[in-house]
Amino acid sequence: MMTNLFSVFDPSTQFLMMNWLSLIIFLVVFPGWFWVTSGRLGSLWSLCWGALKSEFEMLLGSSSGVGVVYIILGMFSFIVVNNVFGLVPYIFTGTAHFSVTLSLALPIWVGLMVYGWVNQTVYMFAHLVPQGTPGMLLVFMVLIESISNIIRPLTLAVRLGANMIAGHLLLTLLGGQAQGGGFDSLLVVGGQLLLLTLEVAVAFIQAYVFVTLMTLYFGELN
């Protein structure tokens, strides 16, 4: 069991063994009627889905197919729920782990690469050399574009995980200063509440950034 600052990201230290099971905790928290009937919460979520669906369809283009946008929306919902529930005390934050974020980014990226190289081979080769590149820089541009393409899933995974880790570490460090009571402790608690509000916003923003970049990668093949 970890006993340092990063113990909050250790699954074995979570209360009541709520470790990797936290990735599906939303199935328990949300009642069954949320999925089959219309209510205020369901209507609000449907409104958000409608706005995001319109935006992602515009980025994907008309030739992407119907199912792609729902894959993107499902991934957005999964990341948002896990990010938000990760802010609850004693709930393990799965999206703060590189193994989870890479598992979200890598399969889709591999699928895109396979689809692109099999069905649009000429375009994939042309994409490695930006238009107007001088002849003497062709080799370097191909190398740079290849590396940039290969590290895409890594950047997606690290961006999401690092932002969630940073917020939790700040909350942990600030909480360690609230000792002894008094006015200083009230200031620390107030700062934590403000930081927690910011972290809720970051939970939504990072999910949106993740799926938007993934949508742009989809759109490049259309």
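Please verify whether the stretch 94-101 includes one or more residues that are more than 30 Å from Val202 (Cα to Cα) and open to solvent by 20 Å² or more (accessible area, probe 1.4 Å). Spell out how you get there, then give the answer.
As a first pass, look at the stretch 94-101 and keep what is more than 30 Å from Val202 (Cα to Cα): none.
No, there is no match, as no residue in the stretch 94-101 is more than 30 Å from Val202 (Cα to Cα) and open to solvent by 20 Å² or more (accessible area, probe 1.4 Å).
So Leu59 clears everything in (1) within 16 Å of Thr93 (Cα to Cα); (2) at pLDDT 70 or above; (3) of a type outside the set (Asp, Glu); (4) touching a Leu at 6+ places or on another chain (Cβ under 8 Å) except one condition, right? Which one?
(1)
Looking for whichever is farther than 22 Å from Gln206 by Cα, aromatic (Phe, Trp, Tyr) and over 14 Å from the mean Cα position of the chain (by Cα) here; the options are Tyr115, Tyr70, Tyr90. Which one fits?
On the way: Tyr70 fails: farther than 22 Å from Gln206 by Cα; Tyr90 fails: farther than 22 Å from Gln206 by Cα.
Answer to the check: Tyr115.
Where the second residue is assigned to a helix (DSSP H, G or I) and the first is open to solvent by less than 60 Å² (accessible area, probe 1.4 Å) and lies in the stretch 43-56, which pairs have Cβ atoms under 6 Å and are six or more apart or on separate chains?
Sorted first by the residue in the stretch 43-56, then by its partner, the pairs are Lys53/Val69; Phe56/Val69; Phe56/Ile72; Phe56/Thr215.
Mind listing just one residue for me: the one in the stretch 212-221 that is open to solvent by 40 Å² or more (accessible area, probe 1.4 Å) and assigned to a helix (DSSP H, G or I) and, of those, farthest from Leu156 (Cα to Cα)? Write out each step before concluding.
Here is the first cut: in the stretch 212-221, the residues open to solvent by 40 Å² or more (accessible area, probe 1.4 Å) are 213, 216, 220.
With assigned to a helix (DSSP H, G or I) added as a condition, the list becomes 213, 216.
Working: Leu213: 8, Leu216: 12 Å.
Residue satisfying both the conditions and the ranking: Leu216.
Does the stretch 183-211 hold any residues that are buried (at least 16 other Cβ atoms within 10 Å of the Cβ), of a type outside the set (A, V, I, L, M, F, W, C) and under 10 Å from the mean Cα position of the chain (by Cα), and which are they?
Across the stretch 183-211, the qualifying residue is only Gln206.
Can you spot a residue in the stretch 126-145 that is in contact (Cβ under 8 Å) with a residue 60 or more places away in the chain, out of contact with any helix residue (DSSP H, G or I) (no Cβ under 6 Å at 6 or more places or on another chain) and open to solvent by 70 Å² or more (accessible area, probe 1.4 Å)?
Taking the stretch 126-145 and keeping what is in contact (Cβ under 8 Å) with a residue 60 or more places away in the chain, we get 127.
Of the ones still in play, those that are also out of contact with any helix residue (DSSP H, G or I) (no Cβ under 6 Å at 6 or more places or on another chain) are 127.
Filter again for open to solvent by 70 Å² or more (accessible area, probe 1.4 Å), leaving none.
No, every residue in the stretch 126-145 fails to be in contact (Cβ under 8 Å) with a residue 60 or more places away in the chain, out of contact with any helix residue (DSSP H, G or I) (no Cβ under 6 Å at 6 or more places or on another chain) and open to solvent by 70 Å² or more (accessible area, probe 1.4 Å).
The values are calculated or read from the model by the stated rules, or taken from the named source; none is laboratory data. On a predicted model such as this, the values are computed, not experimentally measured, just so you know. As a convention, Cβ positions derive from the backbone with ideal geometry for all residues, glycine included, and neighbour counts pool all protein chains shown. What goes into the accessible areas is simple: the full protein's heavy atoms, side chains included, and nothing from ligands, DNA or RNA. Shrake-Rupley method; radii C 1.70, N 1.55, O 1.52, S 1.80 Å.
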